[in-house]
């Protein structure tokens, strides 16, 4: 039982010596980084933007131990890259598999409509929009329209993986630069 009391005394002494403002700032930063990582996977949470805010907020609250301007520049470039990948991946996949301009417009319109039917609408909306626009406006037969819709799904999946990788890179940038 002596080990328990010694451990407890060590914990109490450690918490008494740690400045709580630093602990609070790190807790806020880590929470934002975690929610940002989750947001890079879950729709409607601006994951990469929350990671960017975590780095900037940590720098503002701890100017002496915050990020350098090089780290903030890298973080900003990764943020822009994640949004470019996010917007272009589905359309590029559709284009690669032979979608027309109508099909790409349908992916965009379906994505906007799908926002109102979360979370399933995030996947079904662009697919249904691309397929419908290919069939109705581009007057394609079912086989080429389905092929371009498959490209949309594949491009969106690749974009999802790339956005997750960029988010992990952003978190690594914040942690490496602040530590």
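Rule-based calculations on the coordinates, nothing more; no lab input. As the structure is a computational prediction, the values presented were derived from the model and not from experiment. Here the Cβ positions follow ideal geometry from the backbone for every residue, glycine too, while neighbour counts run over all protein chains shown.
Using the Cβ-Cβ distance between residue 12 and residue 73 with R0 set to 35 Å, the FRET efficiency works out to roughly 0.25. Between the Cα long axis of helix 121-136 and the first principal axis of the chain there is an angle of about 20°, rounded to the nearest 10.
Extension gain for the segment residue 162 to residue 84, taken as residue separation times 0.36 nm less the Cα-Cα distance, is 27.0 nm to one decimal.
Using equal-weight Cα scatterers in the Debye expression, the normalised intensity of region 98-179 in log10 at q = 0.13 Å⁻¹ is -0.48. In plain terms, if you count all Cα to Cα distances in region 1-91 and split them into 5 Å steps from zero, the share in each step is 3, 13, 16, 17, 14, 11, 8, 7, 5, 3, 2, 1, 0 percent. Rounded to the nearest 10 degrees, the inclination of helix 47-61 to the longest alpha-carbon principal axis of the chain is 30 degrees. The fraction of Cα-Cα pairs per 10 angstrom bin, counted from 0 for the chain, comes to 10, 28, 22, 18, 11, 6, 3, 1, 0 percent, rounded to whole percents. The calculated P(r) of region 38-102, using every Cα pair and 5 Å bins from 0, goes 4, 16, 18, 18, 14, 12, 7, 5, 3, 2, 1 in percent. Packing here is the average count of other Cβ atoms within 10 Å per residue, and on that basis the peptides 147-160, 78-91, 57-70, 116-129, highest first, run 147-160, 78-91, 116-129, 57-70. From helices alone, the chain scores -28000 deg cm²/dmol at 222 nm; the rule is -39500 (n - 2.57) for each run of n ≥ 4 DSSP H residues, then divide by the residue total. Rounding to the nearest 10 and keeping the result within 0 to 90°, find how far the Cα-based axis of helix 69-96 lies from the longest principal axis of the chain. That works out to roughly 20 degrees.
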